[in-house]
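Mind having a look at this structure? Questions to follow.
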Amino acid sequence: MILSKKSIKVIVLLLKIATVILFTILLLKADWETCIPVFSKLSLLNILLCFLLFYTGYFVKITRWRNILKGYEIHENYFTLFKVFLIGGYLGLISPGKIGDFGRLYYLNNKNDSNAILSSLIIDRINDLIVLVLLGGIGFYYLLTFHKIPLQINLATIIIFIVIITVFTIVIYLLFKNKILHFLSIFKSGISFYNTIFQLTATILAMILLYSTFIVVANGIGFEIPLLDMFFIGVFSGIINLLPISIHGIGVREISLIYLLSLYQIVSDIALAYSLIIFGLQIMTLLPGVYWFYRDPIKVN
């Protein structure tokens, strides 16, 4: 039995509500006498370094998007793309699976082909997915093989993971089937071997920069966890954020970080504080996007 689009949207909405409730429960049950001192451990230098890594990563991603747009003969300056990127980042922050990031389409639509812009955004997201899955696979293998982290993975867990990914893929296809089929021909016109290699390379560099913030914060608050391990923990968090079952991974992200950090004997309250610090820093870097969005909000006719 194939679920209708309406049924799928209801299921996704229920999952979002469940994750928000889960997040609220985590906050209510947290020992804030343990959490609050963790926030004060992060120095100003740590915060500035995180901002530098975030914005450099954003610049690399904007360069990648600019390269994709050029494939469709769309030429925009860096400042315009920076503004639109941060607005999209803010909209992605408050939407499930970062779907709101596609709001960037609105701000470039007036003087450009909307189909080409939408295609560029989808290619942009595909680059992220490819590299995240690649890094996630490497991280999974590394933790199991070289570092011997006891993830307690068995056949049932692998099957459940495959089922979740399959269902996620089917949901995306059913929701966007017509658009996917319609834009396949447009994709081909904007894709070349050289540009694809450039975009994937830029994506890898951007991911290294962005997820290095997990290392900086962990080091700042005194985690004694290998740098590479913290990087891959960040990657796993990024993969979870892309799932359209919560608003920016709220609830699910915290549970996953609490579990992963517990493998290194980090108590749940400190892991929760760590997750909130990362989330807070991400929000702070997107504040200019919040300002620009409310100066020129999306208007739906």
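From the list Thr196, Thr203, Thr213, exactly one residue is modelled with pLDDT of 85 or more and in contact with an Asp or Glu (Cβ under 7 Å, 6 or more places away or on another chain). Which is it? Reasoning before the result, please.
Numbers: Thr196 fails: in contact with an Asp or Glu (Cβ under 7 Å, 6 or more places away or on another chain); Thr213 fails: in contact with an Asp or Glu (Cβ under 7 Å, 6 or more places away or on another chain).
Exactly one residue qualifies, and that residue is Thr203.
So in the range 38-62, with the set limited to residues that are touching a residue at least 24 places away in the same chain (Cβ under 8 Å) and more than 18 Å from the chain's Cα centre (by Cα), which one is surrounded by the fewest Cβ atoms within 10 Å (Cβ to Cβ)? Full working, then the answer.
To start, the set of residues in the range 38-62 that are touching a residue at least 24 places away in the same chain (Cβ under 8 Å) comprises 38-39, 41-43, 46-47, 49-51, 53-58, 60-61.
Checking which are more than 18 Å from the chain's Cα centre (by Cα) leaves us with 38-39, 41-43, 46-47, 49.
On the way: Val38: 19, Phe39: 13, Lys41: 13, Leu42: 21, Ser43: 11, Asn46: 19, Ile47: 17, Leu49: 18.
The selected residue is Ser43.
To continue, here is another question. Can you pull out every residue in the range 136-163 that is under 30 Å from Gln265 (Cβ atoms) and at pLDDT 75 or above? Quick ask: steps written out before the conclusion?
First pass over the range 136-163, keeping only residues under 30 Å from Gln265 (Cβ atoms): 136-161.
Across the range 136-163, the qualifying residues are Gly136, Gly137, Ile138, Gly139, Phe140, Tyr141, Tyr142, Leu143, Leu144, Thr145.
Applying the selection to the range 274-287, what residues are crowded, with 20+ Cβ neighbours inside 10 Å and within 10 Å of Val38 (Cβ to Cβ)?
Tyr274, Ile277, listed by residue number.
If I filter the range 224-247 for residues that are at pLDDT below 85, of a type in the set (Asp, Glu) and in a helix (DSSP H, G or I), do I get at least one hit? Before the answer, list the steps.
Our first condition is that a residue be at pLDDT below 85; within the range 224-247, this holds for 237-247.
Adding the requirement that they be of a type in the set (Asp, Glu) leaves none.
No - not one qualifying residue is present in the range 224-247.
The values are calculated or read from the model by the stated rules, or taken from the named source; none is laboratory data. Everything numeric here is computed off the predicted structure, so don't read it as measured data. All Cβ positions, even for glycine, are placed from backbone atoms using ideal geometry, and neighbour counts span all protein chains on display.
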